[in-house]
Amino acid sequence: MAKLSITNQHDWMRFIAKFADGVTIKCVFSRGGSSVDVAPVNVSTKDISMQLSAILLENEQKARNESGWNLGKFFGIVEEVGKSSQKAEDFIEALKGKLGFKGEVARPDDAPGKAVVTVKQSRGCLINAHFPSGEIVELKVNKSSVSIVMKPDLSGPRDALVKFVFNIKGTQMVDDETLNRVLVEAAEGSLDVFDWVERARDGVSAAMAPKP
């Protein structure tokens, strides 16, 4: 059974689920949208984050199509399946089963074979990227701010990218010019947003390495 904590403040709702396999899932819902954080970060938890992000999109669609369906009822299902789930994977599968969701986003027909990336420099850096997964991202990185628009709006990868950029800027691991260059170069070879984050992380590490 997961250790489950649920907070309901009407326009701000959150659940935190800690599982026996060491994985923690945190989801927050507010007027500004939803966020997903899955820790630790590894290959299996990225799949969990992606599936949960897709579930949230499916839940939004369900709320639009079915009168009477809301986040309160969704949280009721979360609580029910959380009580019987030992592992994070069990939790995701139980959610999909109870809700009748697929937990995935279909790759659109117009998705490119390789990432298409354009860059505009002004006061900061504006990166537009269309990935083979079908994900489309507009990332703005200014001196003191970061903003993102993603379609489909998959909370997990979206939040992972923003968290990564803020962390690099906050710790000043590399200067802004280097960070922007790394982000562009990493995007050009990536399959999706999660891949972008990993490639950018490697790019920052390489930029910090001592020069021979």
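Bear in mind that the values in this text are calculations on the coordinates, not laboratory data. Remember, predicted model here, so these are calculated numbers, not experimental data. All Cβ positions, glycine included, derive from the backbone under ideal geometry; neighbour counts span all protein chains shown.
Against the chain, whose longest principal axis is taken from its Cα atoms, helix 88-99 shows a tilt of about 60°. Could you work out how far the C-alpha centroid of the range 23-92 sits from that of the range 99-121, in angstrom? If we compute the Cα centre of each part, the gap is 20 Å.
Normalising the average separation of contacting C-alpha pairs (under 8 angstrom, six or more residues apart) by the number of residues puts the relative contact order of the chain at 16 percent. The label point for residue 151 and the one for residue 138, both projected 7 Å from the Cα toward the Cβ, are 0.9 nm apart.
Can you sort 25, 55, 6 so the residue with the fewest Cβ neighbours within 10 Å comes first? Walk me through the intermediate numbers first.
Details: 25 25, 55 22, 6 14.
Final ranking by Cβ density, sparse to dense: 6, 55, 25.
Placing +1 on the Cβ of every Lys and Arg and -1 on the Cβ of every Asp and Glu, with no other charges, gives the chain a dipole of roughly 500 debye about its Cα centre. Going from the fewest other Cβ atoms within 10 Å to the most, the residues 125, 27 appear in the order 125, 27. Helix 193-208 axis versus longest C-alpha principal axis of the chain: approximately 40°, rounded to the nearest ten. Charges on Cβ only, +1 for Lys and Arg, -1 for Asp and Glu, centred on the Cα centroid of the chain; of 210, 63, 124, which one is farthest towards the dipole's positive end? Of 210, 63, 124, it is 124.
Less than 5 angstrom separates the built amide H of residue 125 from those of 141, 142, all sequence-distant by 5 or more or on a different chain.
Mind scanning 26/140; 18/143; 73/169 and naming the pairs with a C-alpha gap bigger than 31 Å? List each step's numbers first, then the result.
Numbers: 26/140 25 Å; 18/143 36 Å; 73/169 39 Å.
Long pairs (Cα-Cα over 31 Å): 18/143; 73/169.
Gain on full extension, evaluated as 0.36 nm per residue between residue 20 and residue 178 minus their Cα-Cα distance, stands at 52.9 nm.
Full extension of the segment from residue 104 to residue 7, taken as 0.36 nm per residue of separation minus the current Cα-Cα distance, would add 32.3 nm.
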